[in-house]
1. Can you name the number of the only condition in (1) outside any loop (DSSP other than H, G, I, E, B); (2) modelled with pLDDT under 95; (3) surrounded by 13 or more Cβ atoms within 10 Å (Cβ to Cβ) that B:Leu27 fails?
2. When B:Lys118 is evaluated against the numbered criteria (1) under 29 Å from B:Arg16 (Cβ atoms); (2) more than 10 Å from chain A (Cβ to nearest Cβ), which criterion, by number, is the only one it fails?
3. What do you reckon, is A:Leu396 closer than 26 Å to A:Val284 by Cβ and either among the aromatic types (Phe, Trp, Tyr) or touching a Leu at 6+ places or on another chain (Cβ under 8 Å) (or both)?
4. Among the candidates B:Met107, B:Met113, B:Met146, B:Met131, which residue alone is of a type outside the set (S, T, N, Q) and facing chain A (nearest Cβ under 7 Å)?
5. Quick one: is A:Thr264 buried (at least 18 other Cβ atoms within 10 Å of the Cβ), at pLDDT below 95, more than 19 Å from A:Ile158 (Cα to Cα) and touching a Ser or Thr at 6+ places or on another chain (Cβ under 7 Å)?
6. If A:Tyr414 satisfies all but one of (1) among the hydroxyl-bearing types (Ser, Thr, Tyr); (2) over 23 Å from A:Ile317 (Cα atoms); (3) touching a strand residue (DSSP E or B) at 6+ places or on another chain (Cβ under 7 Å), what's the number of the condition it fails?
7. Between a first residue in region A:217-228 that is at the interface with chain B (Cβ under 7 Å from one of its Cβ atoms) and under 17 Å from B:Glu196 (Cβ atoms) and a second residue that is of a type in the set (D, E, K, R) and in a loop (DSSP other than H, G, I, E, B), which pairs have beta carbons less than 7 Å apart while being 6 or more apart in sequence or on different chains?
8. Given (1) over 24 Å from A:Ser285 (Cα atoms); (2) buried (at least 16 other Cβ atoms within 10 Å of the Cβ); (3) among the acidic types (Asp, Glu), identify the lone condition not met by A:Glu407.
Amino acid sequence: MNLQALFEPRTMAVIGISLTNNRHPANVIYHKNHLRYPVKVVPVNPRGGELQGERVFTHISEIPEKVDLAVIAVRAEYVPGILSDCIHAGVGGAVVISGGFAESGRQDLQDRIVTIAREAGFPFIGPNCLGIYSPSLMDTFFLPSERMVRPDLGNVAIVSQSGGILVDQMIKFAGEGIGLSRAVSIGNKALIKELDLLNYFAQDTETKVIAFYVEGFGKHEGRDFVLAASKCLKPVILLKAGKSPGGSRAVSSHTASLAGDYETFSTILFQYGVVEAKNELELVSFCESLSCYQRSIEGKIGIVTGSGGHGALAVDICSSHGLSVPPLSEQAQREIRKNLSSSVQPIASVTNPLDLTGSAVDDDFVFATSYLSRRPEIDCIAILLLPYLPGITSDLGDRLSQVYQQEHKPLVAYVPHVEKYRMLIEGFELNRIPVSPSIEGAVLMTEAMRRSKPC
Amino acid sequence: MLSTEIKDIISASKERGWVLEPEAKHLCSLAGLSVPRFVWETGLEEAIGFARKIGYPVVAKVVSPLMLHKSDMGGVVVDIESDEKLSEVFHRFSQINGFAGILVEEMLSGVEMIAGAKVDYQFGPVILLGMGGTGVEIYRDVTMRMAPIGREDVMSMVRGLKAHQMLEGYRGSEPISLRDLTRTMVSFSDLLMELEGLIESIDLNPLLCTADRCVVADARVILKVENAPDS
């Protein structure tokens, strides 16, 4: 099945337009695409008529040009007929927004649309979903544009079983400056499942990181998914919901009791090199980090900071994640101290973590970061910045990013995320250095690189 | 391909839902796993005859289709040193509900491990290795892999156990045979792949491991419930 038409349609029909209710999901989808995206969008309703001066087609087959994508937002019982119509009219694929299928006891209806589509080799997303958001191309989410927070165009594709979680993650991505290539809400995933999208995004040139929110796989689908993920050359990140055992199932063997559903799930993800995010913070941190760095590291972290407390907390978090913070040799310590500014020289702590103290200036951070970038015992540097220190300027983000451009050793940064420090943060982010609003998040970014399989 | 003998054991146990221990052990040995020397007898004289042949001490276990968890119900007696003791145990067992004989086997020692298998709804056959014995669910020191597994997987599973140092020789203790553990696990994995559609889970617990070999001292094979909903 070719999914191209779903993600890059030139012409899109919205089926189920209301002539009387402009807040109908189909109308929201029609308007946002009509007014704000390059895709040509055509309204369809069996009654025909006009929608704000545009002709409403009564049937998909009436539309003169080839329709790449049909967005279907009609009552569930009409969906099988409309899918058949789309297939006969040569439409490339569909997004079925409508609910009222397996999630509300109508497995039979869902099976029917799957059979119809499968026989024709016709791809559709859903039902019971928001569908597809292709930044700057099209958007089938029935959420008014002004209510949505849209991340920049970037290289992370995210696929979610839950539409709500997906939209929430988009807000977080926007807040952290993580760019999105595609977002897909797959709802009941009746036909197109995680595996199909993994295979599609593995080939998609715009996508470098593939993230999933999964509540559960179907029978044997977990096996097929991890086998495909292990062959994928791009990092695959997965957040699993429903970790606690459901109900009190009688368990007759020790193995069944020890190898609970979630334990099994988590272990097998690890076995096949899928980066499991345990929670939303990990998901966002991993996506941000791997969208900048796709190479894996061993996890030998150099820490540069202006505060002993920040360094100590970061070391604790590193050790709880099995990341090492290697000590520096006497000679390295002497060389670092010699090159620091005169006010910092006598008071800095020049071991790892490298505490440049509250008297540090930009040059001290730049020197320390460059120096650690050249040390073989360090494979990633976490910079914990305190932008309120008097010697630190807004230029430091950009200057440290240049260190990465020269040395190519991955850098991650912590900067408190308040508007006042925006320029400093953008100095990093616009130069593709990931920045976290928490020390833990910064450490998690290094953890992401360690867990990502080498490619 | 499954041997006819293995298929026969499984189909004969279908109604019960699990395989009696002597048959489960027989199944294991057909799959290339080591098991203790044992007999399954309904008469006392034959049981004593076997115990004398292999030499005391021996282990006795009740065989009853009504008793899946034998040791919780006093159905396992170890370190039996004499004919008298064995006959006493035999008489007690014969009062147990569903008594279908006594299993007498050689008494072995070694590090108690567990090798387990289950057929997971989402991932299919999954294999488990860990520290076994009766405390298995207290220590919970286990690792898992999606089956089939190879030699390298077994080594990484061993390294993933908290107790791995104990297995590799700790403070003067002899290391277990990782070579035979690997052989055992790979054979077990092959068996699991063959049984995928027929079983729900398997416990080989304890799997007794010494410097020379690994022996399945008890085996519990739970069969898939026919026509069960996929879960």
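1. Evaluating B:Leu27 over (1) outside any loop (DSSP other than H, G, I, E, B); (2) modelled with pLDDT under 95; (3) surrounded by 13 or more Cβ atoms within 10 Å (Cβ to Cβ) leaves (2) as the failure.
2. If we test B:Lys118 against (1) under 29 Å from B:Arg16 (Cβ atoms); (2) more than 10 Å from chain A (Cβ to nearest Cβ), just (2) comes out false.
3. Yes; evaluated as a whole, the condition is true for this residue.
4. From the options B:Met107, B:Met113, B:Met146, B:Met131, the qualifying one is B:Met146.
5. Values: buried (at least 18 other Cβ atoms within 10 Å of the Cβ): yes; at pLDDT below 95: yes; more than 19 Å from A:Ile158 (Cα to Cα): yes; touching a Ser or Thr at 6+ places or on another chain (Cβ under 7 Å): no.
For A:Thr264, the condition - buried (at least 18 other Cβ atoms within 10 Å of the Cβ), at pLDDT below 95, more than 19 Å from A:Ile158 (Cα to Cα) and touching a Ser or Thr at 6+ places or on another chain (Cβ under 7 Å) - is not met.
6. (2)
7. A:Lys219/B:Asp230; A:Glu221/A:Lys193
8. (1)
The values are calculated or read from the model by the stated rules, or taken from the named source; none is laboratory data. These numbers were taken from a predicted model, which means no experiment stands behind them. All Cβ positions, even for glycine, are placed from backbone atoms using ideal geometry, and neighbour counts span all protein chains on display.
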